[in-house]
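The values are calculated or read from the model by the stated rules, or taken from the named source; none is laboratory data. Predicted model, so just to flag it, every value in this text is computed and none were measured. Methodologically, a virtual Cβ is constructed for each residue, glycine included, from the backbone with ideal geometry; neighbour enumeration extends over all protein chains shown.
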Amino acid sequence: MIREQLLKIKSAIPDHVTLVAVSKTKPNEDILEAYEAGQRIFGENKVQELVSKYEDLPKDIEWHMIGHLQRNKVKYIAPFVSLIHGVDSKRLLEEINKQALKSERQVSVLLQMHIAEEESKFGLDETELLDILTHLVEWQGIKVIGLMGMATFTDNEDQVASEFKKLKMIYDRYASNLNWSVLSMGMSGDYHIAIAEGSSMIRVGSSIFGSRSYS
Ligand SMILES: *Cc1c(COP(=O)(O)O)cnc(C)c1O
């Protein structure tokens, strides 16, 4: 089932859109099934789970941290993580920089913008984004390669489209000057809309692996 779902989604999205298979809460067998079907990029939102899957699974997997990251846990993933989505503070960037340099790496990150109508603690507004951009040169261990955002959880597709449109506009303002290449927007419920609005990376979990049960 996982193989079929994965291949169905891959064949339905354009070549320039990267699929991150979000495997949070799912066992290693499920990840291996997707791996054997050709998937190499996986996303997790908990540091402990990410680290243990990294240790147990094939080393050519690219692991993306997609959830909110606490500063005190950066050190566990800095040695191997391929991309951290959802970075939204200077203090977190400073810690990622420190741990990246310790691992003698440059860690790629996406800055998370707050685009949804919902009140959320996460994501930057444009003023905060600008402030971070002026400090980027200080962090040699970090490479910002684009933006990430999440739309409001709603059935109103016009609203979701307009939130993604707004994120794409902000992205376009900086992308060429700053050499960005990734706009991460779209999940199982809204990736069609996100791609239509210019997403280049979608994070899809339940449409590949089935619904998650949290116990
Ligand atoms: C869980 C999660 C996803 C995937 O959600 P689905 O609806 O299962 O596709 C995408 N992005 C983030 C940040 C997530 O936490």
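The table that follows gives values for the structure above.
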item: Unique match (being within 27 Å of Ile170 (Cβ to Cβ), within 14 Å of the ligand (Cβ to nearest atom) and either touching a strand residue (DSSP E or B) at 6+ places or on another chain (Cβ under 9 Å) or charged (D, E, K, R) (or both)) among Ala100, Ala116; result: Ala116
item: Residue that is surrounded by the fewest Cβ atoms within 10 Å (Cβ to Cβ) [pool: residues in region 30-60 that are more than 15 Å from the chain's Cα centre (by Cα) and under 27 Å from Gly123 (Cβ atoms)]; result: Gln48
item: Region 1-35 - residue that is touching a Leu at 6+ places or on another chain (Cβ under 8 Å) and away from the ligand (no atom under 15 Å from the Cβ) and, of those, nearest to Ser213 (Cα to Cα); result: Asn28
item: Of residues in region 12-29 being of a type in the set (A, V, I, L, M, F, W, C) and part of a strand (DSSP E or B), the one farthest from Trp63 (Cα to Cα); result: Leu19
item: Answer from Phe209, Phe153 - the residue that is under 28 Å from Gln5 (Cβ atoms), surrounded by 22 or more Cβ atoms within 10 Å (Cβ to Cβ), among the aromatic types (Phe, Trp, Tyr) and within 16 Å of the ligand (Cβ to nearest atom); result: Phe209
item: Qualifying residues in region 168-200 (those that are farther than 15 Å from Val20 by Cα and acidic (Asp, Glu)) - the one farthest from the ligand (Cβ to nearest atom); result: Asp172
item: Out of Leu111, Leu83, Leu93, sole residue that is surrounded by 17 or more Cβ atoms within 10 Å (Cβ to Cβ) and in contact with a Leu (Cβ under 6 Å, 6 or more places away or on another chain); result: Leu111
item: Any hit, region 63-73, residues being modelled with pLDDT under 95, within 11 Å of the ligand (Cβ to nearest atom), under 20 Å from Ser199 (Cα atoms) and within 17 Å of the chain's Cα centre (by Cα); result: yes
item: Inter-residue pairs, beta-carbon under 9 Å, first on the phi > 0 side of the Ramachandran plot and in region 78-89, second within 12 Å of the ligand (Cβ to nearest atom) and among the β-branched types (Val, Ile, Thr), 6+ apart; result: Gly86/Ile66
item: Odd one out for Arg203, checked against (1) of a type outside the set (Val, Ile, Thr); (2) within 16 Å of the ligand (Cβ to nearest atom); (3) out of contact with any Leu (no Cβ under 9 Å at 6 or more places or on another chain); result: (3)
item: Entirely in region 110-215, the helices (runs of 4 or more DSSP H) that have 2 or more residues that are in contact with a helix residue (DSSP H, G or I) (Cβ under 8 Å, 6 or more places away or on another chain) and over 27 Å from Ser11 (Cα atoms); result: 126-135, 157-178
item: Per-region count, region 186-206, residues out of contact with any Ser or Thr (no Cβ under 9 Å at 6 or more places or on another chain) and in contact (Cβ under 8 Å) with a residue 60 or more places away in the chain; result: 1
